[in-house]
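K.L.:
Before we start, here is the structure in question, set down as structure tokens.
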Amino acid sequence: MLTCIIRYQIDPTKKAQFQHYARNWGQAIPRCGADLVGYYAPHEGSSTLAYGIYNIPSLAEYEAYRTRLAADPLGRENYEFAQAEKFLLREDRTFLTLASAPHGEHQ
């Protein structure tokens, strides 16, 4: 299992647009096959950093998921919304694997 962490730099005056974008992904991402952990908007501290986090079985599955997401009506609408509103200044993806499992007491 891979965890994709998307780090966004957003326009701090357009936080509401990012939240709308995040809610749309909250519907489209699970429908297209990824296990969405969530989208996180700035609250305290930095006013420009936001995150999207989801799990996907493999990079091959990620490619298939991205194809489904691009074909999804809400996915297409969300891509267009981000382009039109210009609230995303930068977007970086990192794929990580869980290194701390199993969790809990060591026997």
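The values are calculated or read from the model by the stated rules, or taken from the named source; none is laboratory data. A quick note: this is a predicted structure, and the numbers were derived from the prediction, not measured. Cβ coordinates were reconstructed from backbone atoms using ideal geometry, including for glycine residues, and neighbour counts include every protein chain displayed. Surface accessibility is based on the protein's heavy atoms, side chains included, excluding ligands, DNA and RNA. Shrake-Rupley method; radii C 1.70, N 1.55, O 1.52, S 1.80 Å.
K.L.:
Being closer than 10 Å to I10 by Cβ and open to solvent by 40 Å² or more (accessible area, probe 1.4 Å) is the filter here, so list the residues in region 49-59 that pass it. Quick ask: steps written out before the conclusion?
P.N.:
Pass one, region 49-59, residues closer than 10 Å to I10 by Cβ: 49-50.
Scanning region 49-59 gives a single hit, L49.
K.L.:
For region 1-51, which positions are in a helix (DSSP H, G or I) and more than 21 Å from Y62 (Cα to Cα)? Please lay out each step first, then the result.
P.N.:
Start the filter on region 1-51 by keeping residues that are in a helix (DSSP H, G or I), which leaves 12-31.
Within region 1-51, P12, T13, K14, K15, A16, Q17, F18, Q19, H20 meet the criteria.
K.L.:
Given (1) touching a residue at least 60 places away in the same chain (Cβ under 8 Å); (2) over 11 Å from C4 (Cβ atoms); (3) among the aliphatic types (A, V, I, L, M), identify the lone condition not met by A71.
P.N.:
Single failed check for A71: (1).
K.L.:
What single numbered condition from (1) free of Cβ contacts under 8 Å to residues at least 24 places away in the same chain; (2) in a helix (DSSP H, G or I); (3) exposed (fewer than 13 other Cβ atoms within 10 Å of the Cβ) fails to hold for R66?
P.N.:
With respect to (1) free of Cβ contacts under 8 Å to residues at least 24 places away in the same chain; (2) in a helix (DSSP H, G or I); (3) exposed (fewer than 13 other Cβ atoms within 10 Å of the Cβ), R66 is out only on (3).
K.L.:
So D92 passes all but one of these: (1) surrounded by 14 or more Cβ atoms within 10 Å (Cβ to Cβ); (2) in contact (Cβ under 8 Å) with a residue 12 or more places away in the chain. Which condition number does it fail?
P.N.:
Only one criterion in (1) surrounded by 14 or more Cβ atoms within 10 Å (Cβ to Cβ); (2) in contact (Cβ under 8 Å) with a residue 12 or more places away in the chain is unmet by D92, namely (1).
K.L.:
Same structure, new question: May I ask you to list the residues in region 80-107 that are at pLDDT 95 or above and either of a type in the set (A, V, I, L, M, F, W, C) or farther than 23 Å from N24 by Cβ (or both)? Talk me through it step by step, then tell me what you get.
P.N.:
Restricting attention to region 80-107, the residues satisfying the condition of being at pLDDT 95 or above are 80-97.
Of everything in region 80-107, those that are at pLDDT 95 or above and either of a type in the set (A, V, I, L, M, F, W, C) or farther than 23 Å from N24 by Cβ (or both) turn out to be F81, A82, A84, F87, L88, L89, F95, L96, T97.
K.L.:
Given the condition modelled with pLDDT under 95 and of a type in the set (A, V, I, L, M, F, W, C), answer yes or no: does some residue in region 24-46 qualify?
P.N.:
no
K.L.:
Next question, about the same structure. Look through region 69-89, keep the residues that are of a type in the set (A, V, I, L, M, F, W, C), open to solvent by less than 40 Å² (accessible area, probe 1.4 Å) and in a helix (DSSP H, G or I), and return whichever of them is nearest to G33 (Cα to Cα).
P.N.:
This residue is L69.
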